[in-house]
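Working notes, beginning with the structure itself.
The values are calculated or read from the model by the stated rules, or taken from the named source; none is laboratory data. From a predicted model like this one, the values you see are computed outputs, not experimental measurements. Cβ coordinates were reconstructed from backbone atoms using ideal geometry, including for glycine residues, and neighbour counts include every protein chain displayed.
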Amino acid sequence: MAAEKYTIVALELATTSIRAIAGQRMPDGTMQVVAFAEENASNCIRKGIIDNIDKTTQAISRVLGQLSLQLGQTISRVYVGLNGQSLHSVQNRIQRSFSERKQITNALIDELMDTNRGVVYTDSQILEVIPQEYKAGNRSEIDIVGIQVEQMEANFLNIIARNSLSENIEKCVNGAGFEVAELLITPLAMGDTILGAAEKRSGCAIADIGADTTTVGFYTKNILRKLVVIPLGGNNVTMDIAKCLKTEIEEAEMLKLKYGRAWAENQDTACNNIITYSHDREISESGLIDIIEARYEEILYNIWAQIEDDNEKLTSGIVFTGGAAQIRHLTDAFSYITKCGKQTRVVKGLPSDISTAGGVFVPDNGRLNSILALLLHGDQNCIVHITAPTIPAVEEVPSGEDCPTADQASNSNSMDGGNSSSEGAAQAQTVETPKKKRSIWELFTRALTDDDEEETTIS
């Protein structure tokens with residue numbers, strides 16, 4: 001018997017929009033997207049942080065309501081991504097000395113982990129702990145269980161964020177009538193989805209350039225070594241265009257998407273074209289690109305500042321993703337600005353293990369890579385399954401000679417002695433004028449509307 005398909009639902013609270021996506025795991029392990037919905041969130045989320053609880057709650061309710069309609073099923077819980085300006089990593093080191101040589105055990109490692117989790121950060125909480133190397137004497141190992149030492153050192157990378165980040169997300173999701181299946185750290189899910197094992201092993205950086213923030217992660221030996229969020233993104237470019245050209249944000253965004261390039265050096269003659277925008281005003285294409293280029297130079301330089309010290313370890317180079325990374329000539333701009341000489345690539349299109357069901361449109365321009373990563377990490381069914389109550393067998397109404405008459409029913413009732421005359425009359429009427437036999441569908445639908453008989457299970 002084939003295993004039952006279950007539906008995973010992921011929710012992303014991004015600066016530009018709130019997005020929800022549903023997918024089903026296929027037999028070959030890939031994920032098929034079966035529904036997608038999104039809504040503008042510029043009035044309630046800023047730099048990945050919830051700015052208005054009520055508006056965010058309402059937006060979540062609408063988006064998940066749209067997704068539920070597409071599915072034709074009721075959503076009970078969702079996977080939600082954690083991101084935003086306050087998210088970053090902090091190194092922590094714990095040292096231990098022993099009076100005599102001591103063999104390192106798993107219990108000791110767990111004790112060190114608990115000690116690390118007990119570290120208090122002002123107005124922040126630890127969301128995830130990533131063990132780094134352990135030092136035993138002069139040795140540095142990822143796994144040192146079994147080694148005998150007199151002293152040791154444990155290094156941890158703590159992923160922290162403001163206390164309010166996860167608290168507000170859960171408040172909004174619950175307020176919209178849904179449970180949180182799990183809070184996933186979006187940059188970690190992105191790293192697992194986008195980067196290959198060889199890239200993380202040999203040394204690689206990933207830069208997710210979003211609307212209001214840019215998240216940078218650095219990996220070596222399959223371990224995340226650094227995570228930082230830069231408060232710059234594609235919206236800064238749009239606002240620069242709007243300010244310089246004295247035009248509306250919507251038009252500035254359109255100009256950026258249509259003509260935008262991150263690097264103008266040695267471009268073709270198209271840069272000499274004249275662009276006409278609102279109120280018959282004009283600007284040369286090269287002039288527009290100069291505005292865009294200046295802000296991208298700042299963004300890319302800040303990315304480089306976070307990984308420059310580890311330049312020698314970036315054997316597999318830098319990987320760019322996110323909606324604002326889709327601009328033309330981004331890698332050329334990065335190479336020109338940093339002179340690092342490292343391999344670069346931009347992630348475009350859907351991940352190879354993602355497909356879409358017929359009739360479902362999912363933009364493949366890179367801006368959904370984060371929510372797709374969340375979807376791929378889900379492993380619980382997020383749909384409510386209503387188990388229909390057992391429908392009792394419908395007793396056939398006797399006919400002909402076997403059917404008692406009203407008088408017989410009345411006499412029988414009298415002999416029993418336990419019912420009043422009114423009850424006997426009612427029963428006699430039921431036999432004399434039997435109710436129409438209900439169909440199975442009528443019984444089923446009536447049972448579902450009876451609160452006392454409804455049984456709801458979440459699988």
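If you check Arg96, Arg77 for being of a type in the set (D, E, K, R) and within 17 Å of the chain's Cα centre (by Cα), only one passes: Arg77.
Here is a check on your reading of the model: is Ala136 of a type outside the set (D, E, K, R), free of Cβ contacts under 8 Å to residues at least 12 places away in the same chain and surrounded by fewer than 19 Cβ atoms within 10 Å (Cβ to Cβ)? The answer is no for Ala136. The single condition among (1) without any contact (Cβ under 8 Å) to a residue 12 or more places away in the chain; (2) outside any strand (DSSP E or B) that Ala264 does not meet is (1).
Against the definition (crowded, with 16+ Cβ neighbours inside 10 Å and not assigned by TED's automatic domain parsing to the domain that holds Asn155), how does Asp310 come out, yes or no? When the stated conditions are applied, Asp310 does not pass them. Cβ-Cβ distances below 7 Å connect the following pairs, each with a first residue in segment 357-384 that is over 26 Å from Ala211 (Cβ atoms), a second residue that is assigned to a loop (DSSP other than H, G, I, E, B), and a separation of six or more residues or different chains: Asn381/Tyr6; Asn381/Ser459; Cys382/Ser76; Ile383/Gln73; Ile383/Thr74; Ile383/Ser76; Val384/Thr74; Val384/Ser76. Based on what the data block shows, is Leu69 in the same structural domain as Asn381 (by TED's automatic domain parsing) and assigned to a strand (DSSP E or B)? Spelling it out, it is not the case that Leu69 is in the same structural domain as Asn381 (by TED's automatic domain parsing) and assigned to a strand (DSSP E or B).
Selection of strands (runs of 3 or more DSSP E) fully inside segment 272-349 by the criterion of at least 1 residues being under 16 Å from Ala207 (Cα atoms) returns 318-321, 344-346. When you scan segment 110-133, do you find a residue that is touching a residue at least 24 places away in the same chain (Cβ under 8 Å), more than 30 Å from Gln85 (Cβ to Cβ), crowded, with 17+ Cβ neighbours inside 10 Å and not small (Gly, Ala, Ser), even just one? Yes - at least one qualifying residue is present in segment 110-133. Note on segment 216-228: residues that are assigned to a strand (DSSP E or B) and either touching a helix residue (DSSP H, G or I) at 6+ places or on another chain (Cβ under 6 Å) or surrounded by 23 or more Cβ atoms within 10 Å (Cβ to Cβ) (or both) total 7. Out of Val63, Val90, Val78, I need the residue that is in a strand (DSSP E or B) and within 17 Å of Glu12 (Cβ to Cβ). Which one? Matching residue, one of Val63, Val90, Val78: Val78. Take Ala176 and decide whether it is touching a residue at least 60 places away in the same chain (Cβ under 8 Å), in contact with a Phe, Trp or Tyr (Cβ under 8 Å, 6 or more places away or on another chain), under 25 Å from Ala41 (Cα atoms) and not assigned by TED's automatic domain parsing to the domain that holds Ala14. Considered against the rule, which asks whether it is touching a residue at least 60 places away in the same chain (Cβ under 8 Å), in contact with a Phe, Trp or Tyr (Cβ under 8 Å, 6 or more places away or on another chain), under 25 Å from Ala41 (Cα atoms) and not assigned by TED's automatic domain parsing to the domain that holds Ala14, Ala176 comes out as no. Just for segment 147-162: of the residues that are touching a Ser or Thr at 6+ places or on another chain (Cβ under 8 Å) and exposed (fewer than 14 other Cβ atoms within 10 Å of the Cβ), which one is farthest from Thr186 (Cα to Cα)? Top of the filtered list is Glu150. Taking first residues from segment 220-241 that are of a type in the set (Ser, Thr, Tyr) and partners that are in a loop (DSSP other than H, G, I, E, B), the Cβ contacts under 8 Å between residues at least 6 apart in sequence or on separate chains come to Thr220/Gly203. Any chance you could count how many residues in segment 1-43 are out of contact with any Asp or Glu (no Cβ under 7 Å at 6 or more places or on another chain), closer than 15 Å to Lys55 by Cβ and not small (Gly, Ala, Ser)? Selection size over segment 1-43: 5.
Taking residues in segment 37-54 that are on the phi > 0 side of the Ramachandran plot, and partners anywhere that are exposed (fewer than 15 other Cβ atoms within 10 Å of the Cβ), the pairs with Cβ atoms closer than 7 Å and at least 6 places apart or on different chains are Lys47/Pro231.
Considering only segment 160-179, how many residues are outside any helix (DSSP H, G or I) and within 20 Å of Val129 (Cβ to Cβ)? Of the residues in that region, 3 qualify.
Scanning segment 80-97 for residues that are surrounded by 14 or more Cβ atoms within 10 Å (Cβ to Cβ) and over 28 Å from Gly48 (Cβ atoms), we see that the one that is modelled with the lowest pLDDT is Arg96.
When Ala325 is tested against (1) in contact with a Ser or Thr (Cβ under 7 Å, 6 or more places away or on another chain); (2) under 13 Å from Ile209 (Cβ atoms), exactly one condition is not met: (1).
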